[in-house]
Amino acid sequence: MLGEHRYVVRTEWTGDRGTGTSGYRDYDRTVTIEVDGKPTLAASADRPFRGDPAKWNPEDLLLAALSECHLLSYLHACVQAGVVVTAYRDEARGVLVQDGHGGGAFREVVLRPQVTVADPSMVEAALAAHAQAHEWCFIANSVNFPVRHEPVVAAE
């Protein structure tokens, strides 16, 4: 599985209210995001940036990518460690800091996975598998801020 993998996403601004970007308050921040063969995703800016809070925003998508990548990497790490996962739920949280000049960056993201394993003897290995998952996560390896983990593992 070594090699390059290429991805294509089409993003289209759909927020022209008839006057384009004639002023900061004159356009909508709605966007559609498409990948061949997948449902179209309705997106916008976050509410503080004049976006639609009912739609996905770039910050949500970044957290979702980090959370899902860790989850998938973790499941693989558990299989290799002989850990049977029966449930996994995460509540990822991130802190974005604005720089006062129109930009900003995430300071950190914390993943808070709650994992259930099939047997109490698997709890220790299940906790350790988070470190391996973090090493394997393509998305966490691609960002320039810390991605921390606060896992909780319980047995059925």
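So here's what we get for this one:
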read-out: Cα radius of gyration and Dmax for the stretch 19-62 (Å); value: 11.7, 36
read-out: Principal-axis tilt of helix 123-136 within the chain, Cα atoms, nearest 10 degrees; value: 40
read-out: In Hz, Karplus ³J(HN,Hα) per residue of the stretch 14-26 (6.51, -1.76, 1.60; θ = phi - 60°; x = Gly, Pro); value: 10, x, 6, 8, x, 10, x, 9, 5, x, 4, 9, 9
read-out: Surrounding net charge for Arg50, when Lys and Arg each add one and Asp and Glu each subtract one, Cβ distance under 11 Å; value: -1
read-out: Trp13 accessible area, assembled protein chains, probe 1.4 Å, Å²; value: 110
read-out: Hz values of 3J(HN,Hα) by residue in the stretch 87-96 - Karplus curve (6.51, -1.76, 1.60), Gly and Pro given as x; value: 7, 8, 9, 10, 10, 7, 9, x, 10, 9
read-out: Listed residues Arg29, Arg17 arranged by accessible area, highest first, probe 1.4 Å; value: Arg17, Arg29
read-out: Potential lengthening between Gln114 and Glu68 on full extension [0.36 nm per residue; Cα-Cα distance subtracted]; value: 15.2 nm
read-out: Solvent-accessible surface (1.4 angstrom probe) belonging to His5, in square angstrom, nearest 10; value: 120
read-out: Rounded to 5, percent antiparallel among DSSP beta bridges of the chain; value: 70
read-out: Accessible area (Å², 1.4 Å probe, nearest 10) - Ser22; value: 80
read-out: Accessible carbon and sulfur surface of the chain relative to its total accessible area, %, 1.4 Å; value: 53
read-out: From phi via Karplus (6.51, -1.76, 1.60), per-residue ³J(HN,Hα) for the stretch 149-154 in Hz, x at Gly/Pro; value: 10, 10, x, 10, 10, 10
read-out: Relative contact order [Cα under 8 Å, 6+ residues apart], the stretch 51-156, whole percent; value: 32
read-out: Cα-based helix-to-principal-axis angle, 58-81 vs the chain, degrees rounded to 10; value: 20
read-out: Choice from Glu108, Glu59, Glu124 showing the highest fluctuation, given a GNM over the chain with Cα pairs closer than 10 Å; value: Glu124
read-out: Sum of side-chain charges, His76 neighbourhood, beta-carbon under 15 Å (Lys, Arg +1; Asp, Glu -1); value: -2
read-out: Space enclosed by the convex hull of the alpha-carbon atoms of the chain, per residue, Å³; value: 152
read-out: Diffusion coefficient, µm² s⁻¹, Stokes-Einstein with Kirkwood Rh over alpha-carbon pairs of the stretch 1-85 at 37 °C and 0.692 mPa s; value: 209
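The values are calculated or read from the model by the stated rules, or taken from the named source; none is laboratory data. Keep in mind it's a predicted model, so treat the numbers as computed, not measured. With ideal geometry, Cβ positions are generated from the backbone for all residues, glycine too; neighbour counts draw on all protein chains shown. Heavy atoms of the whole protein, side chains included, go into the accessibility calculation; ligands, DNA and RNA do not. Shrake-Rupley method; radii C 1.70, N 1.55, O 1.52, S 1.80 Å.
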